[in-house]
1. Looking at the range 140-174 only, could you name the residues that are under 15 Å from the mean Cα position of the chain (by Cα), within 14 Å of the ligand (Cβ to nearest atom), outside any loop (DSSP other than H, G, I, E, B) and surrounded by 21 or more Cβ atoms within 10 Å (Cβ to Cβ)?
2. Being closer than 30 Å to residue 188 by Cβ and touching a His at 6+ places or on another chain (Cβ under 9 Å) is the filter here, so list the residues in the range 97-153 that pass it.
3. Give me the pairs: first residue in the range 48-70 and outside the structural domain of residue 6 (by TED's automatic domain parsing), second residue at pLDDT 95 or above and of a type in the set (S, T, N, Q), beta-carbon distance under 6 Å, and six or more apart or on different chains, which are they?
4. Name the residue that is surrounded by the most Cβ atoms within 10 Å (Cβ to Cβ), counting only residues in the range 20-41 that are more than 20 Å from the chain's Cα centre (by Cα) and charged (D, E, K, R).
5. Residue 79 versus (1) buried (at least 19 other Cβ atoms within 10 Å of the Cβ); (2) under 30 Å from residue 191 (Cα atoms); (3) more than 16 Å from the ligand (Cβ to nearest atom); (4) not polar (S, T, N, Q): which is the lone unmet condition?
6. Out of all the residues in the range 185-194, is one or more within 9 Å of the ligand (Cβ to nearest atom), at pLDDT below 95 and in a loop (DSSP other than H, G, I, E, B)?
7. Within the range 206-214, is there a residue that is of a type in the set (Ser, Thr, Tyr), within 16 Å of the ligand (Cβ to nearest atom) and buried (at least 22 other Cβ atoms within 10 Å of the Cβ)?
8. Looking only at the range 31-42, which residues are touching a strand residue (DSSP E or B) at 6+ places or on another chain (Cβ under 9 Å) and farther than 15 Å from residue 82 by Cβ?
Amino acid sequence: MYAGIETGGTKTVCAVGSEGRVFARVQFPTGTDPESLADQCAEFFADHPVTALGLGTFGPCDPDPDSPTYGHILQTPKPGWTGADLLGLLSARIAVPMAMTTDVNAAALGELRYGAGRGLHSLVYITIGTGIGGGAIIRGRLLQAGQHPEMGHMLLPQSTGPGVCPYHRNCWEGLASGPGMQARSGVPAQDIADDDPAWILEAQIVATALHNITCILGPQRIIIGGGLGSRKALHEHLPALLDESLAGYLPSPSLRVPELGGDAGVVGALTLAQDHRPG
Ligand SMILES: [Zn+2]
């Protein structure tokens, strides 16, 4: 049995399972105290013995096992978390081999192995909600190097602004996240009706970002989830807009919603543990 932890901006999920199935889980607020979060995780796994643990975390984080700050959370606006040694806090409490990556890389792994990416070797997983994040698996390997990808902060043409990212304004997240969409429409994104033309502009922005991702990574498939990313109103426009943008120069990757839904991240964390088991 394996342990999977997904730490998100607001909630954390701990799960026990294997082969893409979750047998037990618990969920609590991520909060502002990393020590207390690690205590809560350890308490759950004390009752559920596991042989390895996989962690998929919000970022930015350090995913490089050769770095002295491997498993740390980096500079973040989230109170209490800048510099937190999340993996170290867990290792001090739960004595099993551990591996970590970003929440979106974990989701990409979960979908590749057990969801909408089964049978493929290269895919990108995108979540669009309060923020935008992207993870990737290329030829079966998680894409992370000295840093992990921050696809949501790629810059896009400025004509679609104004963007709301406090760091870059008109990055993808600044333009097409929930707050970005609300800044253009004046109403919360989740309240915008499916037939509102706001979704066409939203789909155009997303298609531009998918164009860039396709040109750089050439994935076989792009899976798009999250509160906004899963909306039918977005998906019905995306394939044609991506084809149009790539203009026949490259074939478009197939686009899908996550099959594992909100479980993609935690199933991915379990899969990371499974791949990292001793022996
Ligand atoms: Zn940004």
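1. 151, 152, 172, 173
2. Answer for the range 97-153, where residues must be closer than 30 Å to residue 188 by Cβ and touching a His at 6+ places or on another chain (Cβ under 9 Å): 102, 104, 105, 132, 135, 153.
3. Nothing qualifies.
4. 33
5. (1)
6. Checking the range 185-194: not a single residue is within 9 Å of the ligand (Cβ to nearest atom), at pLDDT below 95 and in a loop (DSSP other than H, G, I, E, B).
7. The answer is no; no qualifying residue exists.
8. Scanning the range 31-42 gives 40, 41.
The values are calculated or read from the model by the stated rules, or taken from the named source; none is laboratory data. All values derive from a computational prediction rather than experimental measurement. FYI the Cβ positions are ideal-geometry reconstructions off the backbone, even for glycines, and counts take in every protein chain you see.
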